[in-house]
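Inspection log for the structure reproduced underneath, given as structure tokens.
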Amino acid sequence: MVNLPYFDTLLKLLAQDRLVEKPFGKHVHWGFWDQPEQATLSTDDFIQATENLTCKLCAFAEINDGMTVLDVGCGFGGTLAYLQETYSNLKLYGLNLDIRQLYRAKNNLLQIPDSPYLLVNGNACSLPFPDQSINCVLAVECIFHFPDRALFFQEVFRVLKPGGTLVFSDFVPKPWLAPLTQIKLPRPFGFHFYGHCQFDFTVEKYRNLAKETGFSEKNELDITLNTLPTYRFLRRFARDVGFYNVSAIMETTTAELVSRLGWLDYLILSYRK
Ligand SMILES: C[S@@+](CC[C@H](N)C(=O)[O-])C[C@H]1O[C@@H](n2cnc3c(N)ncnc32)[C@H](O)[C@@H]1O
């Protein structure tokens, strides 16, 4: 079952307000500002930041022409569209739990013989793909939603060809923050705008899990500072479109606070089979 109130809200806003299409109709992630101190926070600035993050992840994944790439939690297909525009002769798969997002993703993608794509409605923890069939699995800003990271890693390991890579981005807590992220507040004070999210996986936990699963090489990049202008952009944008939601404000503000304090990092991580 899909329980992601922020996507319910987004889909409703996308249907009502044309202002929302440009910044959130393609990518739904935090973005990457090359020079955060020079962020103008305009919509175009944010769109550029979202393209930058996608570009950064694909470069980290060392994607090359001719590869088979699976984008897990593909949202509205922004990453797949970037791959189609940037590389040749790819075989692309997008997987998402939420079929409404896949319908929208179709509008962002080209049905071209050069890099054909297939969108699949399914769960990241049970990948409907054969063993050793994929060169690269991407999971852009979605792993914290998955019901079980260990199962996801096992599934990715199974579907990857030898030498293939898993690349994802995640909000990663410092060790002392991890236990606090487990505390459940009673509703109405419990957070729920972003749905089921678990931010308890530290870098050390990821390294251990990758090792236990059988992955070898690792690569980690801390881009927290490059994501911080997003919070100011979201505040400005919410004001402009008249969106107000207590839970959204509380959750986003908490994330901003712990990120600015250096307790929650935004990382790009990669592991090779
Ligand atoms: C923050 S959005 C990121 C979307 C996209 N990767 C992007 O960068 O635009 C998180 C995505 O994860 C998807 N998702 C959440 N749980 C999932 C699961 N168990 N299996 C597959 N997709 C899932 C959501 O539907 C949503 O599209």
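For segment 77-109, the candidate set comprises residues that are under 17 Å from ALA139 (Cα atoms) and aromatic (Phe, Trp, Tyr); within that set, the residue that is nearest to the ligand (Cβ to nearest atom) is TYR82.
Screening VAL120 on (1) surrounded by fewer than 18 Cβ atoms within 10 Å (Cβ to Cβ); (2) aliphatic (A, V, I, L, M); (3) within 16 Å of the ligand (Cβ to nearest atom); (4) closer than 30 Å to ASP34 by Cβ shows it passes everything except condition (4).
Conditions (1) surrounded by 16 or more Cβ atoms within 10 Å (Cβ to Cβ); (2) over 30 Å from SER133 (Cα atoms); (3) hydrophobic (A, V, I, L, M, F, W, C), marked per residue:
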position: ARG18; (1), (2), (3): no, yes, no
position: PRO23; (1), (2), (3): yes, yes, no
position: GLU37; (1), (2), (3): no, yes, no
position: PHE46; (1), (2), (3): yes, yes, yes
position: ALA49; (1), (2), (3): yes, yes, yes
position: LEU53; (1), (2), (3): yes, no, yes
position: ASN64; (1), (2), (3): no, no, no
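Pairing residues of segment 216-242 that are among the hydroxyl-bearing types (Ser, Thr, Tyr) with residues that are surrounded by 14 or more Cβ atoms within 10 Å (Cβ to Cβ) and not in a strand (DSSP E or B), at Cβ distances under 7 Å and at least 6 apart in sequence or on separate chains, gives THR224/SER259; THR227/TRP30; THR227/GLY31; THR227/PHE32; THR230/TRP30; THR230/GLY31; TYR231/THR252; TYR231/GLU256. Every test in (1) touching a residue at least 60 places away in the same chain (Cβ under 8 Å); (2) within 27 Å of ARG158 (Cβ to Cβ) is passed by ARG104 save one, and that test is (2). The residues of segment 72-107 that are closer than 22 Å to CYS125 by Cβ and in a strand (DSSP E or B), listed by number, are VAL72, LEU92, TYR93, GLY94, LEU95, ASN96. Checked against (1) surrounded by fewer than 22 Cβ atoms within 10 Å (Cβ to Cβ); (2) in contact with a strand residue (DSSP E or B) (Cβ under 6 Å, 6 or more places away or on another chain); (3) not in a loop (DSSP other than H, G, I, E, B), GLN132 passes all but condition (3). The C-beta contact set for segment 122-135 (first residue free of Cβ contacts under 8 Å to residues at least 60 places away in the same chain, second residue away from the ligand (no atom under 13 Å from the Cβ) and assigned to a strand (DSSP E or B), distance under 6 angstrom, 6+ apart or interchain) comprises GLN132/LYS161. Can you find even one residue in segment 157-164 that is in contact (Cβ under 8 Å) with a residue 24 or more places away in the chain, over 22 Å from LEU97 (Cβ atoms) and in contact with a Cys (Cβ under 7 Å, 6 or more places away or on another chain)? Taking every residue of segment 157-164 in turn, at least one turns out to be in contact (Cβ under 8 Å) with a residue 24 or more places away in the chain, over 22 Å from LEU97 (Cβ atoms) and in contact with a Cys (Cβ under 7 Å, 6 or more places away or on another chain). Taking each residue of segment 73-84 that is of a type outside the set (Val, Ile, Thr) and looking for partners that are in a loop (DSSP other than H, G, I, E, B) and more than 6 Å from the ligand (Cβ to nearest atom) with beta-carbon atoms closer than 6 Å, six or more apart or interchain, yields PHE76/LYS26; GLY77/LEU109; GLY78/LYS26; LEU80/LEU109; ALA81/LEU109; LEU83/LEU90; GLN84/LEU110; GLN84/SER115. In this entry, PHE153 is excluded by the filter for residues that are modelled with pLDDT of 95 or more and more than 19 Å from the chain's Cα centre (by Cα).
Examine segment 173-191 for a residue that is within 30 Å of ASP65 (Cα to Cα) and in a strand (DSSP E or B), and state whether such a residue exists. No: zero hits. In the condition set (1) modelled with pLDDT of 95 or more; (2) within 14 Å of the ligand (Cβ to nearest atom); (3) surrounded by fewer than 22 Cβ atoms within 10 Å (Cβ to Cβ); (4) part of a loop (DSSP other than H, G, I, E, B), LEU127 is compliant with all but (3). Each residue in segment 221-273 was checked for being of a type in the set (Gly, Ala, Ser) and either buried (at least 19 other Cβ atoms within 10 Å of the Cβ) or modelled with pLDDT of 95 or more (or both), and 5 of them qualify.
Of the residues LYS211, LYS161, which is of a type in the set (Lys, Arg), at pLDDT 95 or above and either within 16 Å of the ligand (Cβ to nearest atom) or surrounded by 14 or more Cβ atoms within 10 Å (Cβ to Cβ) (or both)?
LYS161
The values are calculated or read from the model by the stated rules, or taken from the named source; none is laboratory data. As the structure is a prediction and not an experimental result, all values here were calculated from the model. Reconstructed Cβ throughout: ideal geometry from the backbone, glycine too, with neighbour counts over all protein chains shown.
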